[in-house]
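Colleague: Take this structure first; my questions come after.
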Ligand SMILES: Cc1cc2nc3c(=O)[nH]c(=O)nc-3n(C[C@H](O)[C@H](O)[C@H](O)COP(=O)(O)OP(=O)(O)OC[C@H]3O[C@@H](n4cnc5c(N)ncnc54)[C@H](O)[C@@H]3O)c2cc1C
């Protein structure tokens, strides 16, 4: 057989002996579906394999190790930093067929799952037992557990329950030599050895390919209450976020939208019920038992009262809650009217720096003459900073890149971090040195070397 472009002689032939026809793809038509993720770029890989077992993953990586072929793990392809973007001639290992829920053990509060199961499939299996897995990315219907683990994904619920890393007990993974590594435990306590599980979570496919995970589950809250609070200014909303986070009641969501986001909603016909003069909106939620949630919600809404509050609306039934969230959930669609391409950053600053940071962003918007729409997970200080641009306008794109530079510097000056949930991938890799000092980078390099001595796992991504 002819070797596909970019692959060393013999590598493709070896893979075709390991995988039956139909599960090893080399023709350009078949490869196209694996060429991109949610970034606006695309790179055709050399070959794609669709393993159905950890042994098949290990065999493919051993072949890649022998032939020094780059290996890119692929989940649902929803990542927005280019983590799953192939390299020319790379081997893509797609986990779509390794997607079974292996066991749900309610008494142990655990689930064993293969990495290709979607986040939604995990939630459905847990719900049957009155449980859930807290990581709640907006892409739940399409993204896979393996992708959530690799990117340490999270969503609005992180303010109360943390991120993917907090809900993974143990992993099976194939490292860069093709050896199978088992980390962590299947129990909810365990302190033996270094915490390789937490190291693998968030490693973006650069240390190992996850082939099985033991997830920690928690009871699904029986009740929920939601508030939507409209403020006259970002300063008033920022002060409110600080008041809430300094209090003893932790909300199950504390989300924020700024004035430009509200304008976009209005233009899109979604924000008609927001009062005139609204400069910022907070969405606040409490969940738990029906008795507990009422008291918690009362404590949270008390903290919403204060200078600058224009309107407070609350809901308890599913319909009322959905109506309150309607504007926030329409935001991604609405902002498209401002610019066809959204450069979507997900930086984090300390909660106490949030309002000051948004004031800096408004300065940058004026300086670089760009619309910047801000919304996000205020309780974690995690802000989606969206530079709305026209990709065909070279001058505007140059201004956007110069602006991003300033945004990242401001984040780090304020004691923040460049990514709260999307990860580094190829998009943010050029900026990582600003956040990680030389000692940290050298340790990263040695850790990478220990897991992946030939540097074949997702090269150029992450760190
Ligand atoms: C509409 C939309 C909404 C989103 N909302 C959120 C959000 O609220 N919160 C959030 O955190 N993210 C969000 N994201 C980003 C994205 O969904 C997450 O990063 C998600 O975790 C990626 O999962 P995936 O299966 O699609 O992974 P992919 O995009 O396929 O891959 C992502 C990375 O994981 C690696 N990977 C995949 N599977 C494995 C494996 N088995 N072993 C090792 N490495 C692996 C890949 O190599 C790559 O580096 C959103 C994206 C979209 C498009």
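The values are calculated or read from the model by the stated rules, or taken from the named source; none is laboratory data. Since the model is a prediction, treat every value here as computed from it, not as a measurement. Note: ideal-geometry Cβ built from the backbone for every residue, glycine included; neighbour counts use all protein chains shown.
Colleague: Under the condition of being in a loop (DSSP other than H, G, I, E, B) and either buried (at least 19 other Cβ atoms within 10 Å of the Cβ) or at positive phi (or both), which residue from segment 111-135 is nearest to the ligand (Cβ to nearest atom)?
Modeller: Across segment 111-135, the extreme among qualifying residues is 115.
Colleague: Another question, then. Could you list, in sequence order, the residues of segment 5-19 that are at negative phi, loosely packed, with under 15 Cβ neighbours inside 10 Å, part of a loop (DSSP other than H, G, I, E, B) and touching a residue at least 12 places away in the same chain (Cβ under 8 Å)?
Modeller: 5, 8
Colleague: When only residues in segment 37-65 that are surrounded by fewer than 22 Cβ atoms within 10 Å (Cβ to Cβ) and farther than 30 Å from residue 102 by Cβ count, which is farthest from the ligand (Cβ to nearest atom)?
Modeller: So, considering only residues that are surrounded by fewer than 22 Cβ atoms within 10 Å (Cβ to Cβ) and farther than 30 Å from residue 102 by Cβ, the one farthest from the ligand (Cβ to nearest atom) is 44.
Colleague: Of the residues 411, 347, 407, only one is within 16 Å of the ligand (Cβ to nearest atom) and at pLDDT 95 or above; which?
Modeller: Step by step, each of 411, 347, 407 is checked, and only 347 is within 16 Å of the ligand (Cβ to nearest atom) and at pLDDT 95 or above.
The rows are residues; the columns are (1) more than 9 Å from the ligand (Cβ to nearest atom); (2) buried (at least 24 other Cβ atoms within 10 Å of the Cβ); (3) not in a helix (DSSP H, G or I).
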site: 138; (1), (2), (3): no, no, yes
site: 148; (1), (2), (3): no, yes, no
site: 160; (1), (2), (3): yes, no, no
site: 165; (1), (2), (3): yes, no, no
site: 177; (1), (2), (3): yes, no, yes
site: 187; (1), (2), (3): yes, no, yes
site: 190; (1), (2), (3): yes, no, yes
site: 193; (1), (2), (3): yes, no, yes
site: 197; (1), (2), (3): yes, no, no
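Colleague: So, one more: Which of the residues that make up segment 411-427 are crowded, with 20+ Cβ neighbours inside 10 Å and under 28 Å from residue 281 (Cβ atoms)?
Modeller: Result: 411, 416, 418, 419, 420, 421, 422, 423.
Colleague: Quick one: what pairs do we get from segment 142-171, first residue under 14 Å from residue 217 (Cα atoms) and without any contact (Cβ under 8 Å) to a residue 40 or more places away in the chain, second in a helix (DSSP H, G or I) and within 6 Å of the ligand (Cβ to nearest atom), C-beta under 6 Å, 6+ apart or different chains?
Modeller: Hits for this filter: 164/148.
Colleague: Within segment 301-356, can you find the residues that are more than 27 Å from the chain's Cα centre (by Cα) and buried (at least 16 other Cβ atoms within 10 Å of the Cβ)?
Modeller: 301, 303, 304, 308, 309, 310, 314, 315
Colleague: Pick from segment 76-103 the residues that are over 16 Å from residue 426 (Cβ atoms) and crowded, with 20+ Cβ neighbours inside 10 Å: which of them is farthest from the ligand (Cβ to nearest atom)?
Modeller: 91
Colleague: Give segment 445-463 a look and list any residue that's within 20 Å of residue 430 (Cβ to Cβ) and within 16 Å of the ligand (Cβ to nearest atom), or say none.
Modeller: Result: 448, 455, 457, 458, 459, 460, 461, 462, 463.
Colleague: Residues being in a loop (DSSP other than H, G, I, E, B) and surrounded by fewer than 17 Cβ atoms within 10 Å (Cβ to Cβ): count how many of those fall in segment 371-400.
Modeller: 5
Colleague: Only residues that are in contact with a helix residue (DSSP H, G or I) (Cβ under 6 Å, 6 or more places away or on another chain) and more than 16 Å from the ligand (Cβ to nearest atom): list them for segment 414-433, please.
Modeller: 414, 431 - these are the residues of segment 414-433 that are in contact with a helix residue (DSSP H, G or I) (Cβ under 6 Å, 6 or more places away or on another chain) and more than 16 Å from the ligand (Cβ to nearest atom).
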